[in-house]
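Colleague: Would you mind keeping the following structure in view while I ask a few things?
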Amino acid sequence: MEIRLLTVADAVVYRKLRLEGLQSNPEAFGSSFEEEKDMPPGLFEKRLEARYSYTLGAFAQGELIGVATLLRESKVKLQHKASVFAVYVSPQKRGLGVGKALMLAVINKAQLLDGIEQINLTVVSSNLSAKRLYASLGFELFGTERKALKITQQYFDEDYMVLFL
């Protein structure tokens, strides 16, 4: 498995994996498949070249099988923080350590960025495997937002976690 920063050249495979994630695990994302399925490829390219945003990809035999995005805060009072978004591993590749490898790469990237002192993330409260992974890496729960997401008529709570570097 290779983990590396995605570039504009990866936009097509990134879009494909992101849409897969939005369909197979809609509760794990703030966006929806319906909102992103018709977005032009150029928007995915812009995401991958956005300032303060770092999307890492896990590849196996040349295939993108997982992603995680680290977003550094840009405002002066918030620049000591970064947040993790859009962590996703293809269902057939789960349980093989891909998520852990991605998160370790995200943490390493944050440590390389000057001034980052903490990493925040949110995770659906019912996603016990993801919460166990994050806790094993040192993330601590600091709050829960009830009814954070609503998909059709079903609500999902989200837990807020932080890792102090």
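Colleague: Give the residues of the range 58-87 that are of a type in the set (Phe, Trp, Tyr) and closer than 15 Å to residue 163 by Cβ, sorted by residue number.
Modeller: Within the range 58-87, 85 is the sole residue that qualifies.
Colleague: Just to be sure, is residue 76 among the β-branched types (Val, Ile, Thr) and open to solvent by 60 Å² or more (accessible area, probe 1.4 Å)? First the steps, then the outcome.
Modeller: Numbers: among the β-branched types (Val, Ile, Thr): yes; open to solvent by 60 Å² or more (accessible area, probe 1.4 Å): yes.
Yes: the conditions hold for residue 76.
Colleague: Listed residues 33, 44; which is farther than 20 Å from residue 129 by Cα, in contact with a helix residue (DSSP H, G or I) (Cβ under 6 Å, 6 or more places away or on another chain) and surrounded by fewer than 20 Cβ atoms within 10 Å (Cβ to Cβ)? Before the answer, list the steps.
Modeller: On the way: 44 fails: surrounded by fewer than 20 Cβ atoms within 10 Å (Cβ to Cβ).
When all the criteria are applied, what remains is 33.
Colleague: If the Cβ limit is 7 Å and pairs must be 6+ apart or interchain, which residue in the range 69-89 that is over 26 Å from residue 24 (Cβ atoms) pairs with which residue that is small (Gly, Ala, Ser)?
Modeller: What qualifies is 72/82; 73/82; 79/115; 80/115; 82/110.
Colleague: Of these, 20, 35, which one is charged (D, E, K, R) and over 19 Å from residue 102 (Cα atoms)?
Modeller: Step by step, each of 20, 35 is checked, and only 35 is charged (D, E, K, R) and over 19 Å from residue 102 (Cα atoms).
Colleague: Using beta carbons and a limit of 7 Å, which pairs, at least six apart or on different chains, have the first residue in the range 1-29 and among the small types (Gly, Ala, Ser) and the second one surrounded by fewer than 17 Cβ atoms within 10 Å (Cβ to Cβ) and outside any strand (DSSP E or B)?
Modeller: If the second residue must be surrounded by fewer than 17 Cβ atoms within 10 Å (Cβ to Cβ) and outside any strand (DSSP E or B), the pairs left are 11/41; 24/91.
Colleague: Next question. Which condition breaks for residue 96 when tested against (1) over 27 Å from residue 152 (Cα atoms); (2) open to solvent by less than 30 Å² (accessible area, probe 1.4 Å)?
Modeller: Of (1) over 27 Å from residue 152 (Cα atoms); (2) open to solvent by less than 30 Å² (accessible area, probe 1.4 Å), only one is false for residue 96: (2).
Colleague: Please count how many residues of the range 124-165 are hydrophobic (A, V, I, L, M, F, W, C) and either within 24 Å of residue 35 (Cα to Cα) or surrounded by 17 or more Cβ atoms within 10 Å (Cβ to Cβ) (or both).
Modeller: Taking the range 124-165 and keeping what is hydrophobic (A, V, I, L, M, F, W, C), we get 124, 128, 130, 133, 135, 137, 139, 141-142, 148-149, 151, 156, 161-165.
Those still in the list that are either within 24 Å of residue 35 (Cα to Cα) or surrounded by 17 or more Cβ atoms within 10 Å (Cβ to Cβ) (or both) too: 124, 130, 133, 139, 148-149, 151, 156, 161-163.
The qualifying residues number 11.
The values are calculated or read from the model by the stated rules, or taken from the named source; none is laboratory data. Small disclaimer: the values here were computed from a predicted structure and weren't measured. Because the Cβ atoms are built from the backbone with ideal geometry, glycine has one as well, and the counts that use them run over all protein chains shown. Remember, those area values only see protein heavy atoms, side chains included, never the ligands or the DNA or RNA. Shrake-Rupley method; radii C 1.70, N 1.55, O 1.52, S 1.80 Å.
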